[in-house]
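The block underneath contains the structure these notes are about, expressed in C-alpha cells.
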Amino acid sequence: MMNRILFACLFLALSTDSSSLSCRWMDHKFRQHNEETLNLIDTMAKNSTNTTEVEVTVAFPNHLYHQVSKSSAEDKLAFIVQILEEVAALFEEDHSSASWEDSTVRNLLNIVNKQAEELHSCVSSLSKTTKLHMYFKRLSHHILKEMGHSAEAWEVIRKETKAHLMRAEQLASSLHTAQ
C-alpha cells in the first residue's frame with residue numbers, strides 16, 4: 001500500500017514537472033530562428049521596388065494578443081504555433097509580383113515551418129483560435145486577392161508579418177520569465 005502511494009506521488013511529481021512547459025527547443029532555438037526570420041523580412045523590404053503606400057483595411061488583432069498574454073504557457077505556445085502556421089500559409093500564395101528573391105521566400109518558409117513544427121511538439125493539444133484564423137483569411141482575401149497579389153499587397157503582408165513575428169517573440173519571452 002505504501003509503495004502505491006509512493007509511486008502515485010512520484011508519478012504526480014514527474015507529470016506536474018513536465019507540464020510546466022519544458023521545451024528545450026523553445027529555450028534554445030526559438031529566438032535565434034525568429035531573428036533569422038525577421039532579418040529575412042527586412043531583406044525583403046530592401047529588395048522591394050518602390051511601391052505606393054496602401055491603407056491596411058484589416059485591423060491588427062491586438063485584442064487577441066492581449067487575451068493570450070493572460071493565458072497559460074501552453075495556450076501562449078499554441079497561439080505562437082498558429083501564428084507561424086498562418087504566416088506560412090500566406091507566403092505560400094502567389095508572390096510572383098513581389099520583387100523578392102525566391103530563395104529568400106523559400107528560406108523564410110523553411111524557418112517558419114521549422115519553428116511551427118518544433119513548437120508544435122512542445123504542445124500537448126493544439127487548440128486554434130478561430131478569430132486569429134479569420135484575421136489571416138481576411139489578409140489573404142482583402143489584401144492579397146482583392147489587390148491581385150500585387151507588390152503593394154505583398155508589402156502590406158510583409159509589414160503585418162513582421163509585426164506578428166515581433167509579438168510572437170514578446171509572447172515567447174514571457175514564457176521564459178514565467179518559469
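The values are calculated or read from the model by the stated rules, or taken from the named source; none is laboratory data. Predicted model, so just to flag it, every value in this text is computed and none were measured. Because the Cβ atoms are built from the backbone with ideal geometry, glycine has one as well, and the counts that use them run over all protein chains shown. We work out accessible area using only protein heavy atoms, side chains counted, and drop any ligands, DNA or RNA first. Shrake-Rupley method; radii C 1.70, N 1.55, O 1.52, S 1.80 Å.
Worth pointing out:
- Residue list for the range 70-127, restricted to those being free of Cβ contacts under 8 Å to residues at least 12 places away in the same chain and under 28 Å from Glu152 (Cβ atoms): Asp102, Ser103, Arg106, Asn110
- Residues satisfying the stated conditions in the range 167-179, i.e. at pLDDT below 95 and either in contact with a strand residue (DSSP E or B) (Cβ under 9 Å, 6 or more places away or on another chain) or open to solvent by 50 Å² or more (accessible area, probe 1.4 Å) (or both): Gln170, His176, Thr177, Ala178, Gln179
- Near pairs, Cβ below 8 angstrom, 6+ apart or cross-chain, from the range 21-42 (more than 23 Å from Trp100 (Cα to Cα)) to any residue that is at pLDDT below 75 and not aliphatic (A, V, I, L, M): Leu21/Gln179; Asp27/His176
- Subset of the range 128-149 (residues that are in contact (Cβ under 8 Å) with a residue 40 or more places away in the chain and not aliphatic (A, V, I, L, M)): Lys128, Thr129, Lys131, His133, Tyr135, Phe136, Arg138, Ser140, His142, Gly148, His149
- Per-region count, the range 111-155, residues among the aliphatic types (A, V, I, L, M), open to solvent by less than 70 Å² (accessible area, probe 1.4 Å) and out of contact with any helix residue (DSSP H, G or I) (no Cβ under 6 Å at 6 or more places or on another chain): 2
- Residue list for the range 120-173, filter: of a type in the set (Gly, Ala, Ser), farther than 18 Å from Leu38 by Cβ and part of a helix (DSSP H, G or I): Ser140, Ala151, Ala153
- Ser103 within 20 Å of Leu175 (Cα to Cα) and open to solvent by 40 Å² or more (accessible area, probe 1.4 Å): no
- Leu84 vs. criteria closer than 27 Å to His28 by Cβ, at pLDDT 95 or above and not charged (D, E, K, R): yes
- Here Asp42 meets each of (1) at pLDDT 70 or above; (2) open to solvent by 70 Å² or more (accessible area, probe 1.4 Å) with one exception, condition (2).
- Residue check: Ala98 meets all listed conditions (1) out of contact with any helix residue (DSSP H, G or I) (no Cβ under 6 Å at 6 or more places or on another chain); (2) within 20 Å of Lys137 (Cα to Cα); (3) part of a loop (DSSP other than H, G, I, E, B) but one, namely (1).
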